[in-house]
1. If you count only protein heavy atoms with a 1.4 Å probe, what accessible area per residue comes out for segment 157-224, rounded to a whole Å²?
2. What FRET efficiency comes out for Thr284 versus Glu75 if R0 is 51 angstrom and r is the Cβ-Cβ distance? Round to the nearest 0.05.
3. Using only Cα atoms, tell me the angle between helix 275-285 and the longest principal axis of the chain; keep it within 0 to 90° and round to the nearest 10.
4. For the charge dipole of the chain, defined by +1 on Lys and Arg C-beta atoms and -1 on Asp and Glu C-beta atoms about the Cα centroid, which residue among Ser101, Gln283, Gln218 has the Cα displaced farthest towards the positive pole?
5. Roughly how big is segment 37-111's charge dipole about its Cα centre, with Cβ charges of +1 (Lys, Arg) and -1 (Asp, Glu), in debye to the nearest 20?
6. For the Cα atoms of the chain, what angle does the longest principal axis make with the long axis of helix 247-263, in degrees from 0 to 90, nearest 10?
7. Quick one: plug the Kirkwood hydrodynamic radius of the chain (C-alpha pairs) into Stokes-Einstein at 10 °C, 1.306 mPa s, and report D in µm²/s.
8. Give me the compactness ratio for segment 16-161, meaning the Cα radius of gyration over 2.2 N^0.38 Å.
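The values are calculated or read from the model by the stated rules, or taken from the named source; none is laboratory data. Because the structure is predicted, anything quoted here is derived from the model rather than measured. Ideal geometry is used to build each Cβ from the backbone, glycine not excepted, and the neighbour counts take in all protein chains shown. Quick note on the areas: whole protein, heavy atoms, side chains included, nothing else; ligands and nucleic acids left out. Shrake-Rupley method; radii C 1.70, N 1.55, O 1.52, S 1.80 Å.
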Amino acid sequence: MTDTGYYIVAEHLFGVEADESMLALMTNYAPFKVGQSDNQDVLFYVSIVQGEPVSYVEEWRQDEEGQDTICGHTEDGNPVFEFRFGGKTAGWLVCTPGYRSGILHLSGFHSKAALDNALMILFAMASACTGTVLFHSAVVSLDGRGYMFLGKSGTGKSTHARLWLQNIPGTELMNDDNPAVRVKPDGTAVVYGTPWSGKTPCYRNVSAPLGGIVLLSQAPYNRITRLNGIGAYAAVVPSISGKRWDARIADGLHETENALATYIPVWHLDCLPDADAAHLCKQTIAL
């Protein structure tokens with residue numbers, strides 16, 4: 001028997017239609033689950049089915065820690081994303097051109113991981129023109145504001161967040177890998193916890209005004225520098241998910257990225273993995 005669950009992430013409502021056994025696996029989405037609302041637009045719907053392989057033309061692929069995401073399009077021009085783990089396919093997500101709906105065809109292998117990836121992609125694509133972006137970042141809150149730590153995989157985002165938790169009283173972890181940020185029309189930005197948090201299970205339905213963004217680099221010393229203009233923009237862009245060869249999505253992402261670089265303080269922290277780095281960062285950015 002199939003049912004539809006409704007969830008709100010970063011103030012966006014979406015629906016997932018699946019059999020009850022699959023919906024029962026979505027424990028990380030429980031804090032975000034809501035009843036169906038007739039008063040709010042649905043960002044997207046996705047249906048989950050057991051399916052056969054989907055034929056498509058490949059456009060791009062990403063390999064990260066043994067997880068492959070391959071993007072392409074069907075003969076009819078519909079976007080397709082294939083999810084592979086250890087070289088084996090878990091599922092194919094076929095979307096409508098505007099990303100308002102999709103069908104996830106599961107192979108029966110790593111079904112929950114395929115579902116999480118499919119929902120992250122649909123969320124990122126469907127919300128790209130609404131001032132919303134999905135970051136690859138760790139984020140903590142302190143005194144009512146959120147602070148994001150960016151950097152290449154292995155740079156130490158989670159480590160730096162943990163140093164804040166261990167050494168700065170009052171710090172809380174909001175998300176360890178995939179927070180969402182929404183820029184309001186007045187230029188203010190809010191960071192949100194999401195159902196996606198990488199290897200650390202931190203699925204909190206929380207939000208806070210975004211107080212600062214910190215790009216991390218490993219170094220044999222601790223030094224923090226304020227970035228402005230193109231430097232701030234360049235620091236933010238690599239950590240934001242999106243299909244940048246799609247002009248509509250690229251334009252939406254650019255507008256949000258430009259607003260973040262303009263209105264939100266952006267910093268570059270060269271650092272050691274130690275308490276002094278956390279204290280220096282906090283004393284500089286959390287005024």
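1. Solvent-accessible surface per residue comes out at 43 Å².
2. Taking R0 as 51 Å, the efficiency between Thr284 and Glu75 is 0.45.
3. Taking the Cα atoms of the chain, the angle to 275-285 is about 90 degrees.
4. The one lying farthest along the dipole's positive direction is Gln283.
5. Charge dipole, segment 37-111, about its Cα centre: 160 debye, nearest 20.
6. For helix 247-263, the angle is close to 20 degrees.
7. Value of D from the Cα-based Kirkwood radius: 81 µm²/s.
8. Normalised Cα radius of gyration, segment 16-161: 1.14.
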